[in-house]
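Working notes, beginning with the structure itself.
The values are calculated or read from the model by the stated rules, or taken from the named source; none is laboratory data. No experiment lies behind these values; they were computed from the predicted model shown. Note that we place each Cβ from the backbone using ideal geometry, even for glycine, and neighbour counts take in every protein chain shown. We work out accessible area using only protein heavy atoms, side chains counted, and drop any ligands, DNA or RNA first. Shrake-Rupley method; radii C 1.70, N 1.55, O 1.52, S 1.80 Å.
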Amino acid sequence: MCVESDGCEIEGCSSSDEVHTLSGSMSPGLKSSPDLHPCKPGQKFRAALLRCRSPVAAAGILSFGNVLNYMDRYTVAGVLLDIQQHFQVKDSEAGLLQTVFICSFMVAAPIFGYLGDRFNRKIILSCGIFFWSAVTLSSSFITKEYYWLFVLSRGLVGIGESSYSSISPTIIGDLFTNNTRTMMLSIFYFAIPLGSGLGYILGSSAKQAAGDWHWALRVSPVMGMTAGSLILFFVPEPKRGHADQLGGRLKARTPWICDMKALAKNRSYMFTSLASAAVSFATGAFGMWIPLYLYRAQVVQNTVMPCNKEPCSSKDSLIFGVITCVTGFLGVLIGAGATRLCRQKTERADPLVCAVSMLGSAIFICLIFVAAKKSIVGAYLLSTALSCHRLHTWERLFCIFIGETLLFLNWAITADILMYVVIPTRRATAVALQSFVSHILGDAGSPYLIGLISEALQKSYADSVLWQFLSLGYALMLCPFVIVLGGMFFLATAVFFLDDRDKAEKQ
């Protein structure tokens with residue numbers, strides 16, 4: 001028999017059970033007492049809600065919320081050409097949308113990390129989702145004279161989404177452990193490529209259905225409100241470090257300054273954060289510019305006409321969205337399987353798998369732009385901008401498919417490395433700081449930088465359609481070199497991983 005917070009009996013519980021109240025607290029199992037009274041109808045409804053709070057259900061809801069986070073983020077990229085036409089802005093100004101979003105995201109991340117280690121996490125998550133949903137919906141009504149306000153709205157959305165990305169992985173980390181935690185984090189981080197791909201698909205599909213790109217920004221807010229409500233009612237607030245229970249005792253919470261100093265001295269954590277920045281740099285640039293790169297390639301081939309009036313073709317965003325979803329699923333699945341298999345051979349499996357995937361991804365991504373450039377310049381033979389050589393269209397997609405799969409392979413593994421080398425009471429701070437570092441050195445500047453380089457190269461031949469395509473390709477060639485640097489950081493992580501893991505286990 002179990003007891004709710006107001007002292008009524010809840011049927012169907014054993015004497016050793018615990019009941020999670022809606023506030024996130026836990027009540028130990030109690031024996032029957034004459035002071036207890038039957039639950040009223042409203043209390044029975046609350047009890048039914050509590051029974052739905054299984055760890056697996058919580059992980060599923062949090063993963064759904066993460067899908068919506070990234071779907072909203074890349075919906076704008078899916079209709080970027082329409083936004084450029086509507087507001088009459090150039091590449092560098094269009095790239096500013098993602099840069100402002102990421103800058104506000106990374107500045108807010110440490111704040112939410114601090115709050116997440118000290119206050120009720122699910123309340124913070126719900127409020128964050130409700131906030132960005134409301135701002136995204138409002139931004140769809142901004143007129144063409146106020147592009148600065150549209151840019152500002154993306155910054156506010158970044159603040160709301162920052163709360164979710166900084167805190168939600170720590171709840172999963174406190175609900176599971178070992179290989180189960182790796183699997184659940186893999187599902188959670190699969191939401192990144194899945195949500196990104198669905199963002200392109202949603203943006204292009206909603207625009208096509210309504211005949212107006214503004215409707216692309218009016219779908220995800222409704223689902224966001226739903227996710228916020230599910231988190232509020234069905235996700236428990238587990239005790240920090242509950243799944244780890246090191247010897248039945250956990251290290252007491254330390255001051256924020258001490259947490260920051262400890263993380264700065266954690267070599268595995270710092271190198272992993274730098275590697276994550278390299279991944280963010282590449283994914284941020286590709287996510288913003290690849291659909292437009294595809295479009296310009298087809299304009300060069302004369303398979304589509306230049307878009308001078310809304311609505312523009314959304315086929316390229318749709319194709320890239322589908323590729324991102326599929327490669328994300330395969331990447332996370334292969335990453336989890338490869339790590340589990342390699343752990344039987346070496347204890348350094350996690351960072352080594354990440355390093356190999358990064359270096360392999362750089363090779364294939366480099367081939368995309370080098371071969372595409374030669375194909376276009378040589379004979380204007382290009383069916384898509386993903387050409388690796390002069391073969392059929394689906395064979396040309398092979399390079400981008402493999403490159404993205406390898407790039408997405410390390411998302412969940414990176415989070416699992418953090419769980420191993422950082423003690424439970426400072427994990428939210430660690431996730432937030434890692435998010436800050438990866439964004440400030442990665443996708444905070446990469447979309448704007450790529451747009452700036454492309455625009456600077458276009459000045460020589462401003463009216464050349466071919467040069468518009470080539471200039472963007474040249475700018476994107478920066479990404480493979482950054483990815484190689486990220487692979488080197490993962491190799492450095494492998495050197496210190498075992499020592500840092502042992503230190504975290506002993507604290």
*With a Förster radius of 51 Å, plug the Cβ-Cβ distance of SER229 and VAL322 into 1/(1 + (r/R0)^6) and report the FRET value to the nearest 0.05.*
0.95
*asked:* 7 Å from Cα along Cα→Cβ at both VAL495 and LEU149: what's the point-to-point distance in nm?
replied: 5.4 nm
_Expected output is a single nm value to one decimal: the length gained when fully extending between MET488 and LYS503, i.e. 0.36 nm times separation in residues minus the C-alpha distance. What is it?_
3.1 nm
*Average accessible surface area per residue within region 122-224, 1.4 Å rolling probe, Å²*: 33 Å²
*asked:* Per residue of region 490-507, what does 6.51 cos²θ - 1.76 cosθ + 1.60 with θ = phi - 60° give for ³J(HN,Hα)? Whole Hz please, x for Gly and Pro, Karplus curve as stated.
replied: 5, 5, 5, 4, 4, 5, 9, 4, 5, 5, 5, 5, 4, 5, 5, 5, 7, 7
_Sequence of TRP256, TRP213, TRP411 from largest to smallest accessible area, 1.4 Å probe_ = TRP256, TRP411, TRP213
*What does the charge add up to near SER104, with Lys and Arg as +1, Asp and Glu as -1, over the other residues with Cβ less than 10 Å from its Cβ?*
0
*Using a 1.4 Å probe over the heavy atoms of the protein chains, calculate the carbon and sulfur portion of the accessible area of region 58-158 as a whole percent.*
74 percent
*For the residue pair VAL56 and LYS239, what label-to-label distance in nm results when each label sits 7 Å from Cα along the Cα-to-beta-carbon direction?*
2.5 nm
*Accessible area of region 402-507 belonging to carbon and sulfur atoms, whole % at 1.4 Å probe*: 67 percent
*What is region 422-480 by shape, rounded, prolate or oblate, if you read a ≥ b ≥ c off the alpha carbon gyration tensor as root eigenvalues and call it rounded for a/c under 1.5, prolate for a/b larger than b/c, and oblate otherwise?*
prolate
*Along region 116-122, what does the Karplus equation 6.51 cos²θ - 1.76 cosθ + 1.60 (θ = phi - 60°) give for ³J(HN,Hα), rounded to whole Hz, x for Gly and Pro?*
x, 7, 10, 10, 5, 6, 5
*Ranked packing of 342-350, 89-97, 418-426, 402-410, most packed first, by mean Cβ within 10 Å*: 402-410, 418-426, 89-97, 342-350
_Per residue of region 278-284, what does 6.51 cos²θ - 1.76 cosθ + 1.60 with θ = phi - 60° give for ³J(HN,Hα)? Whole Hz please, x for Gly and Pro, Karplus curve as stated._
5, 4, 5, 4, 5, 5, x
